[in-house]
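Worksheet: the structure to be examined is printed underneath.
The values are calculated or read from the model by the stated rules, or taken from the named source; none is laboratory data. Treat the numbers as computed from the prediction; the structure is a model and nothing was measured. Quick reminder, even Gly has a Cβ in these numbers, built from the backbone with ideal geometry, and neighbours come from all protein chains shown. Surface areas here come from the heavy atoms of the whole protein model, side chains and all, with no ligands, DNA or RNA. Shrake-Rupley method; radii C 1.70, N 1.55, O 1.52, S 1.80 Å.
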Amino acid sequence: MGLADAGSAAELRVLRQRMEDSIAAAKLEAVRLKMEDDMVAQRLAAMAADFRIQTQRRYRPSGNAFIGGTSWIVGYNVQSADPAIIAKEREMLKKQMELAGINYAAGVDFQRYNFVLGIGASTSVLVDLKNRVVFDEFKGGQFSAKEQGLYNSLKGRSFGELACHSNGAMVCLAALENQDVQADRVVLYGPQITRESLQLWNRLLQTGQVKSVQIYINQNDPVPPFSLALGDLFQDLPVQAALLNSNALKSTINETSPRISVRTFSCGKGVPTVDCHDMTVYKRDRGCVASPAGKTVPGTSLPVKGGVAEPPPPC
């Protein structure tokens, strides 16, 4: 082989290598473009699915709701302005509580809430904590939403005010996140919280899914600081004893979820106690029984009889 032939062969090898490199690069670019197209298609499909859900889903106006927390198993739903029906429903609720050996009525403001629900796994606090509440701690209430049949009573309803006590805060969060319910404003009494759940509440406010979130915390109520500390512990974050102080807890909530409004009340004598977690105490501390606007909620009227009064304004 002459020098000319050797040079031609070398040039051919270089040319072939360049062609192979170009083909490989073209294949990689095609794969990248396909991945981008797939991602765009997936996003569009998700948006279309969400749109279909939103257009197909219908919410029934249901007044104001109160969702109980740990160990609450109860159902009360008055979609009528007839005093006789309201009295009958309250009597049935009283009998429910007597049979269960518990009393919730003192903590429920029946002038404000016409829909009351508790979906506990047991009327025993310890059993409910072990079998349900602890799982909600790490799943933002989704465990209860999936496992508790009474949760279905919430689906498809819209509320002027959605009030949630203790673990009920996690149930309410899951219901709103799942878009199973709609609510203009949310009130959380002594709520079970984690940093993640606070961020989710903040996101609901950012997106406009709810107009306001108000948290009420009694000093020495153990549930908000202990649930927050438990979540921090499992995320390997330092547990702060200062959270037992309601002002420090309020600052932590504001830092994590700046759109949430927090109000604290004095209670107890410096030692955490379940007495300060009692909904009866929160009802007293709130000190507000707002008068309804007097109008009827659309869709709740019955022939001859009136419907549910328009939700009262926030306090």
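Descriptive notes on the structure:
- Taking the convex hull of Cα positions in the stretch 100-154, its mean projected area over all directions (nm²): 4.5
- Computed Rg/Rh of the stretch 161-221, alpha carbon atoms with Kirkwood Rh: 0.94
- Taking a sphere under 15 Å around the Cβ of Val171 and counting the other residues whose Cβ falls inside, with K and R at +1 and D and E at -1, yields a net charge of -1.
- Under Karplus coefficients 6.51, -1.76 and 1.60, residue-wise ³J(HN,Hα) of the stretch 131-146 in Hz, glycine/proline x: 9, 9, 4, 5, 6, 5, 3, 9, 10, x, x, 5, 5, 5, 4, 8
- Over the stretch 61-177, relative contact order from alpha-carbon pairs under 8 Å, at least 6 apart, %: 42
- With all protein chains modelled, accessible area of Thr207 [1.4 Å, Å²]: 100
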